Amino acid sequence: MLELGLVGKPNTGKTTFFNAATLANAPVAGYPFTTIDANVGVTYVRSPCPCRELEVTCNPQNSKCVGGVRYVPIRMIDVAGLVEGAHMGRGLGNRFLDNLRMAGALVHIIDAAGSTDAEGKPCQPGTHDPVQDIDFLEVEIAAWLRGLLVKDWPKFARRAKYEELDLVKEIAVRLSGLGIKENHVAQAFREAGVDRSDPERWSDDDLLRFVAEVRKASKPIMIAANKADVPAAEPNIERLRQRGYLVVPTCSEAELILRRASEKGLVQYEPSSSGFEILKPESLNEQQRKALEMIHVLLEKWGSTGIQQVVDKVIYELLNLIVVYPVDDEHKLTDKKGNVLPDAYLVPKGATAREFAYVIHTDLGESFIHAIDARTKRRLGEDYALKGGDVIRIVAAKGR
């Protein structure tokens, strides 16, 4: 299952974001390092389910369908807050960074209102510049990656040069424990402009530039501009966007209130909605009524609380993934047990039919013959580029 890491300095609302996205009950408090051990939960990315178009009643097995929308599970990890010097063990840095090893993307939760200082301590809204938090996080992660890469670097670089090793492959092996693959390393070489033929001559700047590109390729970052309900946040959100990041304004606390109220039957609310309906006004106390009035104003301004939008955008825009539905019977749209449209898989946009077969099972990839488009019943070759929402049957040689 794909994993997303929630990162940021302490007290920016990371754990509230996590609780809202996963409906977990991780502890929240207004002081640094409330989160010590990583919180792990499951959230969902949404995709139109083919069941409506194909006029069938689906029976999902690895996901769920609600009102014709398929919710595909994503693992989410909320780690301890990051402070300057974390890569050297300051704060809870080592634990923080190790917990991010297998994250496929990072969501940087930033206090867009500037109401927490560099250490995560509360301050007057507008007195801290949240743009500074972007730089410090990138520096810490790059320094952490550099520290892992340069262990025994002179010996490794000498051997790579004189034995004419495939540097892309060798570096990918050294960093494989971080979920870093050869294509990530190859992309980093293209972007960093370092001398691939002679790693012995790399300077510290070369190493930092290279690992920064490795991070961008293997663990891209988007920004959740949290506390968007605070007036001081609005100009900062525009400034964050100017840095070239994918930015979504969020209010974790509002989303959590709405989801909890929906669970209790007090309101009718769907994640990402621009509004909600109060079902039991007589059950609300004055404090709850005022909170919902404030949330209504927030939704009118920003269109949503932003939490579900963050999950959807990190999957579809940052990671460029699509949802594909495999079946064993293209006529009945079922698996071997008769489940209709049973599974939904996230795969890279442009993945081929054979590559998708490998995602399902190695044996299917190795014994691939062709695929079948369940909508058109057309036979597809191994190089067919999948499209989002495809319903595909993989035909493989028997006995493999």
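Read the figures in this text as sums done on the coordinates, not as results from a lab. These figures come from a predicted structure and were not determined experimentally. Every residue, glycine among them, receives a Cβ derived from its backbone with ideal geometry; neighbour counts consider all protein chains shown.
Peptides 177-187, 122-132, 251-261, 99-109 ranked from most to least packed, by the mean per-residue count of other Cβ atoms within 10 Å: 251-261, 99-109, 177-187, 122-132. Overall size of segment 252-303 from C-alpha positions, given as principal axis extents largest first: 28, 19, 17 Å.
Here the spin labels are modelled as points 7 Å beyond Cα on the Cα-Cβ line, and at residue 382 and residue 138 they lie 4.0 nm apart.
Descending by average beta-carbon neighbour count within 10 Å, the peptides 161-169, 290-298 line up as 290-298, 161-169, the highest first.
In this structure, the residue pairs whose Cα-Cα separation is over 25 Å, taken from 216/313; 151/313; 121/313, are 151/313; 121/313. Around the Cα centre of segment 252-303, unit charges on the Cβ atoms of Lys, Arg, Asp and Glu (plus for the first two, minus for the last two) sum to a dipole of about 80 debye. For the pair residue 277 and residue 123, the difference between a 0.36 nm per residue extended length and the Cα-Cα distance amounts to 52.0 nm. Between residue 203 and residue 66, the FRET efficiency from the beta-carbon distance, with R0 = 45 Å, is close to 0.25.
Placing a label point 7 Å from the Cα of residue 238 along the Cα-to-Cβ direction, the residues of segment 291-324 whose backbone N falls under 17 Å from that point are 301-302. The residue among 325, 353, 396 whose Cα reaches farthest toward the positive pole of the charge dipole of segment 322-396, with charges on the beta-carbon of Lys, Arg, Asp and Glu, is 325. Label sites at residue 52 and residue 181, each approximated as a point 7 angstrom past Cα along Cα to Cβ, lie 3.2 nm apart. Altogether, the Stokes-Einstein calculation at 25 °C and 0.890 mPa s, with the Kirkwood radius of the chain over Cα pairs as Rh, returns a diffusion coefficient of 106 µm²/s. Summary of packing: across the peptides 377-388, 325-336, the per-residue average of other C-beta atoms within 10 Å ranks them, highest first, as 325-336, 377-388.
Relative to one another, the C-alpha centroids of segment 287-349 and segment 165-215 are positioned 34 Å apart.
Note on the chain: dipole from Cβ charges, positive end direction compared against 304, 73, 50; the farthest Cα belongs to 50.
Counting every C-alpha pair in segment 255-400, the share spaced more than 23 angstrom apart comes to 53%. What is the list of residues in segment 151-167 whose amide nitrogen lies under 11 Å from a point 7 angstrom out from the Cα of residue 101, following Cα to Cβ? Counting backbone N atoms under 11 Å from the label point, the list is empty. Stokes-Einstein diffusion of segment 322-396 at 37 °C, 0.692 mPa s viscosity, Kirkwood radius from Cα pairs, rounded to a whole number: 277 µm²/s.
The charge dipole of the chain, taken about the Cα centre with unit charges on the Cβ atoms of Lys, Arg (+1) and Asp, Glu (-1), comes to about 840 debye, rounded to the nearest 20.
A straight Cα-to-Cα reach below 28 Å connects residue 336 with the lysines 64, 349, 377, 387, 398, residues fewer than 8 places away in its own chain not being considered. Dipole orientation for the chain: of the candidates 120, 192, 40, 40 has the Cα lying most toward the positive pole (charges on Cβ; Lys, Arg +1; Asp, Glu -1). Expressed per residue, the C-alpha convex hull volume of segment 118-248 stands at 120 Å³.
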